[in-house]
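Q: Provided herewith is a single structure, encoded as structure tokens, for subsequent inquiry.
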Ligand SMILES: Cc1cc2nc3c(=O)[nH]c(=O)nc-3n(C[C@H](O)[C@H](O)[C@H](O)COP(=O)(O)OP(=O)(O)OC[C@H]3O[C@@H](n4cnc5c(N)ncnc54)[C@H](O)[C@@H]3O)c2cc1C
């Protein structure tokens, strides 16, 4: 399905019909309209969330258990493995479609969202690798029958620092032998396959990282007990341990030399926008529940919703849901239109997940005591959204990615502060009024911005006191 989220510019909207004269191609326009197919997919996911997930989620959360049958049903309904291309029998959806599906599922249960979308996280490295044979064999198999696929970069001793992987891949002829542990592996206890990132030499950092598709039935693969968690209790999370596990050469997704690290980063650039969709879904539900509760619950002789303090809180919650969806869709649209979504994905990840935490927490405040009980869904949403700022790269990691881009790659539109025009010098009329001729030299202090007129700069800046050398001649140019 062709990804479609055009964002029609406000300017063109204001110009009305004139855009027709401008002969802009549709792809240059901006428009949030979903295609009928996208809307149908959203409705299908919504129905699944409301009829299959919502009625049972409280039970499984209380029992700290993953309802594996729901993953199978999601497969049968066509709501997982969204990214497998059609040529391998998959849905061939873009990230916009994935965001639509995941928002609906996370609105009912973020932890079930984690487990259903966990398959896409595990499958993405296979879709993006250069190994045609592994794609043909495994993508076709995963698309054809319900299979659970995990993704493993994290280890007991590292998470954020992906170049610091210690799980060892030792070459043996053309094959590799895996030894080491992977931790926090979503669905690992039930997985058929796992995209595993390991290193040929820990000292080589990024360059040592390689990736493999591991069949979890192979000798030398063992999983630990379910890790008990604060939230996301319906999502299975375990240790996966490799002891002399032989990986045949045909299952290499990325060789050492930096390719494995790149594959992990490319995967995150596509999956982080979808964590944004988790955040939107969870925050949306919390907001809806809070609105209903605020209208029904009374205090001081009136509904809570009559208090302006709560009305303003609800306005901010709504705003955060909408802005989060915009950022999520923008990052997904970048991926679907062939741009590098890395920066938009990181921006979306830390904004949406932190906002979701605030929205759900505000919803609990509106519910107050009742929100703190396990009888209402807010406390589960709060427990579940807490991890969103942690997994698939913490908020701090996203800030590193975005600040590095802003400081080193972002291209400024404004001239440098040192080169800002001087009105007196640049405007001949003003210059004439000041008695300046066109050769009058103008100097700018690079420390405080003070302008000085004269053949030479002053010995020191009269404003900030820095010496003559800090002045830059700004006129004549
Ligand atoms: C429920 C759940 C499911 C998960 N599923 C998976 C999965 O399926 N596959 C998988 O591979 N992993 C998975 N993870 C692991 C997850 O990706 C990691 O927990 C995450 O990347 C953070 O790593 P860490 O916990 O080791 O924290 P650390 O890397 O030890 O970081 C600790 C703290 O230090 C901060 N920090 C670290 N480095 C810097 C820095 N340079 N500057 C500033 N701050 C820094 C971090 O932001 C964090 O606040 C899962 C985790 C959870 C909780």
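The values are calculated or read from the model by the stated rules, or taken from the named source; none is laboratory data. Owing to the predicted nature of the structure, the values given are computational and were not obtained by experimental measurement. Note: ideal-geometry Cβ built from the backbone for every residue, glycine included; neighbour counts use all protein chains shown.
Q: Within the stretch 352-395, count every residue that is closer than 30 Å to residue 152 by Cβ and more than 16 Å from the ligand (Cβ to nearest atom).
A: Looking only at that region, the number is 3.
Q: Against the definition (within 16 Å of the ligand (Cβ to nearest atom), closer than 20 Å to residue 192 by Cα and at pLDDT 95 or above), how does residue 76 come out, yes or no? Show your work before the answer.
A: Working: within 16 Å of the ligand (Cβ to nearest atom): no; closer than 20 Å to residue 192 by Cα: yes; at pLDDT 95 or above: yes.
The answer is no for residue 76.
Q: Select from the stretch 119-157 the residues that are within 11 Å of the ligand (Cβ to nearest atom) and part of a loop (DSSP other than H, G, I, E, B) and list them in ascending order.
A: Hits for the stretch 119-157 are 153, 154, 156, 157.
Q: Taking the stated definitions as given, is residue 429 part of a helix (DSSP H, G or I), more than 11 Å from the ligand (Cβ to nearest atom) and more than 30 Å from residue 264 (Cβ to Cβ)?
A: yes
Q: Look through 262, 295 and report the one residue that is part of a helix (DSSP H, G or I) and within 28 Å of residue 94 (Cβ to Cβ).
A: None of the other options fit; the residue is 262.
Q: Further question on the same structure: Could we say that residue 160 is within 16 Å of the ligand (Cβ to nearest atom), outside any loop (DSSP other than H, G, I, E, B) and either surrounded by 20 or more Cβ atoms within 10 Å (Cβ to Cβ) or in contact (Cβ under 8 Å) with a residue 12 or more places away in the chain (or both) here?
A: So residue 160 fails the test.
Q: Given the criteria within 16 Å of the ligand (Cβ to nearest atom), touching a helix residue (DSSP H, G or I) at 6+ places or on another chain (Cβ under 9 Å) and over 23 Å from residue 349 (Cα atoms), does residue 216 qualify?
A: Yes, satisfied.
Q: Specify the residue that is farthest from residue 265 (Cα to Cα); the eligible residues are those in the stretch 163-189 that are within 16 Å of the ligand (Cβ to nearest atom) and touching a helix residue (DSSP H, G or I) at 6+ places or on another chain (Cβ under 6 Å).
A: 187
Q: Within the stretch 338-347, does at least one residue satisfy the condition of being in contact with a helix residue (DSSP H, G or I) (Cβ under 8 Å, 6 or more places away or on another chain) and free of Cβ contacts under 8 Å to residues at least 60 places away in the same chain? Show your work before the answer.
A: Here is the first cut: in the stretch 338-347, the residues in contact with a helix residue (DSSP H, G or I) (Cβ under 8 Å, 6 or more places away or on another chain) are 340-347.
Adding the requirement that they be free of Cβ contacts under 8 Å to residues at least 60 places away in the same chain leaves 347.
Yes, there is a match, as at least one residue in the stretch 338-347 is in contact with a helix residue (DSSP H, G or I) (Cβ under 8 Å, 6 or more places away or on another chain) and free of Cβ contacts under 8 Å to residues at least 60 places away in the same chain.
Q: Further, regarding this structure: What tally of residues in the stretch 219-240 results from selecting those that are buried (at least 19 other Cβ atoms within 10 Å of the Cβ) and either in a helix (DSSP H, G or I) or more than 14 Å from the ligand (Cβ to nearest atom) (or both)?
A: Total satisfying the criteria: 1.
Q: Being within 25 Å of the chain's Cα centre (by Cα) and not in a helix (DSSP H, G or I) is the filter here, so list the residues in the stretch 55-82 that pass it.
A: Passing the criteria: 66, 78, 79, 80, 81, 82.
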